[in-house]
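What follows is a single structure, written as C-alpha cells, with notes after it.
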Amino acid sequence: MSSTSESPAVTAALAPEGATSGLAHALELGFELAVTPTALMTALGVYGRVNAAYAALLGRETSWFPGRSFLEVTHPDDRVRDTSFLDRLFAPDTTQVGVQKRYLREDGSVVFARVSVSVLERTADGRPSLLMTEVADHTALHGALDALRASEERLNFAMEATNDGLWDWDFATGELSVNNNWSRMLGYEPGELVPHISTWETLSHPDDVPLAYANLDAHVRGEVAQVDFEMRMQRKDGSWCWILNRAKVVGRNPDGSPRRIVGTHTDITARRAQAQATRQQAALLDSVLSNIAIVIAILGQSGRIEYINAHFHRLLGWTLEEMQHTDVFSLMYPDPDYRARVAAAVSEGGSQWRDWTARTRDGHEITISWNNVPLPDGRIVGIGTDVTATRAAEAAEERHSEQMQQAQKLESLGLLAGGIAHDFNNLLVGVLGNASLAEEILTPDSDAAFLVGEVRAAATRAAELTRQLLAYAGRGRFVVEPVDLSLLVGEMSALLRAAMSKDAALRSELAPELPAVEADATQLRQVVMNLITNASDALGDAPGTVSLRTSVREPAESERHAVVGGTTLAPGRYACVEVSDTGAGMDDSTLARIFDPFFTTKSTGHGLGLAATLGIIRSHKGGIAIRSTVGRGTTVCVYLPTIERTARMSPTPTPGSMRAIRGDGHILLADDEAAVRRVAAMSLERAGFIVTQCRDGAEAVQVFQADPGKWRAVVLDLTMPNLGGQDALLAMRAIRDDVPAVLCSGYASEELSVKVTSLDAVIFVQKPFTAARLTAALFEVAPSN
C-alpha cells in the first residue's frame with residue numbers, strides 16, 4: 001500500500017459516501033487484491049493509485065506511480081495516440097473507451113495489453129475528473145492469427161466485467177454462448193441450460209423483451225456506442241432478478257450487418273433493492289419533514305434556497321420555485337435595517353434560537369423562532385417554529401400582570417387616599433364649622449372677621465382637595481343620570497375657554513346625537529375641566545392649540561388593553577372625549593406616573609387633578625388612554641360605556657344662599673370625633689336645638705331607647721367604633737320607626753346600605769359641613785310643625 005499523495009477523489013472512490021469504516025476497508029482491500037491490474041488517475045493521465053497487479057504487470061513498485069504521468073510507462077510510439085485516446089473521454093456521452101497499447105516495463109521489455117478506461121467522476125461542467133484503467137495482459141496472445149481476433153475481443157470485453165455473466169450471440173446461427181457465472185447467476189448449474197436466443201427470451205420478463213430488442217437495434221444501427229439497460233430475468237426457483245445488460249457488436253459482415261454481439265449480465269437485484277430502500281427512506285424522511293409543524297429551509301453556499309419543506313410553504317405561502325427565482329427575502333423582511341440584521345444572524349450560524357417577525361406571501365406578519373445550523377459543506381439549515389400565538393399569549397400575560405400590578409397599586413393608593421380624605425374631612429369639620437360659627441358671632445366690621453373668612457376659605461379649598469382624593473379612590477359622591485357628552489361639553493365652552501391661557505386656541509369637534517352615558521354630570525364636568533387645564537398648561541407660554549373632540553367608538557382589542565389603571569375595557573360601544581394639545585409632550589417615565597396622587601410637573605400644582613379624573617372614570621366603568629411624544633404633544637382619550645336610555649341634562653349647579661333656620665326640640669348627636677361633636681352641637685344649639693352628645697353608636701342607641709319619643713331627630717356619623725351610624729339608625733327605627741335622621745361621613749353617600757337609603761326621613765351630609773349646611777339638612781329631614 002502506498003501512503004503518498006492520494007487525491008481526495010481517489011479516496012472518495014474507494015470509500016463511497018455513507019459507507020461504514022468496515023465497508024470502506026473492505027473496498028480498499030478488494031482494490032489492492034484484485035487480480036485485474038487496475039489504476040486510478042486524473043483526466044490528464046496522472047496516477048493516483050495502482051493495485052499490486054498493475055504494478056507487477058509493469059515490473060515496478062506501487063509507490064512509484066502516484067503523481068507520475070501514464071506516458072512515462074507508455075511505449076514512445078503510442079504516446080501521441082494515447083493522448084488523443086484520453087481526449088475522447090471529454091465527450092459528454094462517453095463513459096468508457098478501450099485501446100490496444102504497449103507498456104514499457106522497468107527492465108525495458110514491452111507489455112502488449114488491452115486497456116479499458118472508464119470515467120468515474122465528472123466536474124460540475126461535465127469534464128472528467130477521475131478515471132479508472134483496467135489492463136488485460138495480451139502479451140502472450142500477441143501475434144495470434146487474425147481469425148482469432150474476434151475471440152480475443154470477446155475475451156477482452158469479458159475481462160472488463162469481472163465476476164459477471166458473459167454471453168456471446170452468433171447472429172447467423174442464433175447460438176447463445178454463456179459462461180458459468182451466467183448460469184449460476186440464474187440458479188442453474190454449469191451446462192444445465194442449453195442456451196439459445198429463444199432461451200434468453202423465455203427467461204426474460206415479457207414486459208422487458210421489447211426494451212431489450214429496442215436497445216440492441218439502436219446499437220446495431222450505430223445510434224449508441226453499446227447496449228446498456230436494465231431488465232428482469234427469471235431464476236430457476238421462479239423468482240425474478242434484475243439484470244444490468246451491457247453488450248456491443250464485435251464483428252460485422254461486409255454489408256455492415258453484425259456477425260456477433262458479446263455482452264455481460266450483472267445481477268443488480270440487491271443494488272436495486274438498496275436503491276429502493278434508500279428512496280423509501282428518502283420518501284419517509286420527506287413525508288416526516290413535510291408534515292411536522294416545523295419550518296425547514298436549506299440555504300446553499302451561493303445563498304440560493306435549495307430546499308423548503310411543506311410546512312414552510314403552508315406557513316409562509318411561497319413555493320420552492322418562487323424562493324429560487326424571486327427575492328423572497330426582501331418580501332419577508334421589507335425593512336432594510338431589519339433584513340440586514342436577519343441576514344447577519346443567518347451568516348453567523350450557530351445554535352441560537354432567535355425570534356424574527358416575517359411577512360407571509362399574503363401580507364400578514366408572523367413571529368418565527370429560527371435556529372440556523374451550518375453544515376460542513378458550507379450550506380445552512382434553517383429550522384423555525386411559529387411562535388406567533390405563544391408570543392401573543394406571553395405578551396397578554398405580561399400585559400395582564402402589569403395591569404394587575406397597576407390595579408393593586410391604584411387600589412392601595414385609593415385606600416390610602418380615601419382614608420386620608422375621611423380623616424381630613426373630620427378635621428375640617430372642626431375648622432370649617434368653627435370658622436362659620438365665628439363669622440356668625442363677629443360683626444362685619446370686626447378686625448377678626450377678615451381673618452376668620454380666610455380660615456374658612458382655606459378650609460373650603462382643603463375640603464375640595466379631600467373631595468378629589470375621594471374621587472381618585474372611587475368614593476366620590478355621585479348623582480347618576482343619562483348624560484350626552486357632546487351637550488355637556490358644549491355647555492362648558494365658555495368656562496373652558498376662560499380656564500385656558502390667552503395664547504391657547506381651543507378647537508372643538510362635538511359629535512351630534514351622541515349615545516348617552518350613565519354618569520354624574522358634575523363629576524364629568526370636573527374631568528373635562530381637568531383635561532383642558534392640563535392641555536393648556538402643557539403649551540406653556542408658547543402659542544398652541546388644544547383640540548376637544550367627542551365621538552362614539554367600538555375600540556379594537558389593542559385599544560381596550562391600552563387603557564391605564566390596570567383595567568381592560570369590555571367589548572362594546574363607548575362615548576369618547578378626546579383632548580389633544582400641541583405642547584412639549586412627555587417621556588415614558590413621566591407617563592408612567594402622571595395619574596399618581598400628588599405627582600405633578602407643574603410648579604404650583606398639587607397633583608390631584610388627573611388622579612381624581614382616573615378615579616372618576618374608573619368608578620363609571622370607563623377607561624383612559626393616553627399617547628404622548630416628546631416635542632409633538634399629548635392626546636388623552638376618555639372612554640365611557642354607552643346606554644340605550646335618552647340623555648337628560650341636569651343644570652350646572654350655581655351657588656345659592658342658605659336661608660336662616662331656627663329650630664327647637666331635642667337632637668341626639670353621635671360621633672367618635674370630639675371636635676366634630678363640639679362643632680355640630682354648637683351649630684345646632686345656636687339654631688335653637690337642644691343637643692345630647694354620644695361618643696359612638698352603641699351609646700346613642702342606649703340613650704335613645706331610654707326615651708324614644710323625646711327626640712326630634714338624630715345626627716349620626718357613619719363610621720364609629722362599637723356600632724356604626726347605619727346599624728345604630730336601624731336599631732333606633734326598630735324602636736321607633738319614624739325618627740328622622742341625618743347621616744354624616746367623610747366618605748360619599750355610596751357608603752349607605754340599601755336598607756338605609758330605602759328609609760323615609762333620612763338625609764346624607766358629607767363632611768366637612770358648615771353650620772348652615774348641617775342645620776339646613778336637619779330642618780329638611782325634620783321640619784318644624
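Taking all protein chains together and rolling a 1.4 Å probe, GLU106 ends up with roughly 120 Å² accessible.
Ranked by solvent-accessible area (1.4 Å probe, protein heavy atoms only, all chains present), the residues VAL227, VAL630 order from largest to smallest as VAL630, VAL227. Protein-only accessible surface at a 1.4 angstrom probe places the residues SER109, SER302 in the order SER302, SER109, largest first. Computed from phi, the 3J(HN,Hα) profile of the range 284-291 under the Karplus parametrisation 6.51, -1.76, 1.60 (θ = phi - 60°) reads 4, 4, 5, 5, 5, 5, 7, 10 Hz, with x in place of Gly and Pro.
VAL115 sits with roughly 0 Å² accessible to a 1.4 Å probe, with DNA, RNA and ligands left out of the calculation.
The slack in the chain from HIS75 to THR123, taken as 0.36 nm per residue of separation less the alpha-carbon distance, amounts to 14.3 nm.
With a 1.4 Å probe rolled over the protein heavy atoms of all chains, the accessible area of LEU120, LEU176 falls in the order LEU120, LEU176, largest first. In this label model, ALA396 and ASP707 are separated by 6.9 nm, measuring between points 7 Å along each Cα→Cβ vector. Take the Cβ atoms of ALA511 and LEU284, set R0 to 56 Å, and the FRET efficiency comes out at 0.30. Residues whose amide H falls under 5 Å from that of ALA713, counting only those 5 or more places apart or on a different chain, are LEU668, with hydrogens built in the peptide plane. Taking 0.36 nm per residue of separation and subtracting the Cα-Cα distance, full extension of the segment from VAL209 to ALA592 would add 129.2 nm. For the range 308-321, the Karplus equation 6.51 cos²θ - 1.76 cosθ + 1.60, evaluated at θ = phi - 60°, returns couplings of 9, 8, 5, 5, 4, 5, 5, 7, 9, x, 8, 8, 4, 4 Hz by residue, with Gly and Pro reported as x. Spacing of the modelled spin labels on SER446 and ALA570, each 7 Å from Cα toward Cβ, amounts to 5.6 nm. Shown in residue order for the range 386-392 are the 3J(HN,Hα) couplings computed by the Karplus curve 6.51 cos²θ - 1.76 cosθ + 1.60 at θ = phi - 60°: 6, 10, 4, 5, 5, 5, 5 Hz (x for Gly and Pro).
Here the label points at LEU320 and GLU28, each 7 Å from Cα along the C-beta direction, are separated by 3.5 nm in the simple model. Normalised per residue, the accessible area of the range 228-375 is 55 Å², obtained with a 1.4 Å probe and no contribution from ligands, DNA or RNA. Specify whether the C-alpha gyration tensor of the range 161-268 places it in the rounded, prolate or oblate class, a ≥ b ≥ c being the square roots of the eigenvalues: rounded for a/c under 1.5, otherwise prolate if a/b is larger than b/c and oblate if not. Prolate. If R0 is taken as 35 Å, the Cβ-Cβ distance between ALA734 and GLU644 corresponds to a FRET efficiency of 0.30. When the label point is put 7 Å from the Cα of ASP107 along its Cα-to-beta-carbon vector, which residues of the range 66-85 have a backbone N closer than 17 Å? Answer for the range 66-85: none.
What the Cβ-Cβ distance of TRP353 and GLU230 gives, at R0 = 51 Å and to the nearest 0.05, is a FRET efficiency of 0.60.
The values are calculated or read from the model by the stated rules, or taken from the named source; none is laboratory data. Note that this is a predicted model, so its numbers are computed, not measured. Here Cβ is always computed from backbone atoms with ideal geometry, including for glycine, and neighbour counts include all displayed protein chains. When the accessible area is computed, the model is the full protein with side chains, heavy atoms only, and any ligands, DNA or RNA have been set aside. Shrake-Rupley method; radii C 1.70, N 1.55, O 1.52, S 1.80 Å.
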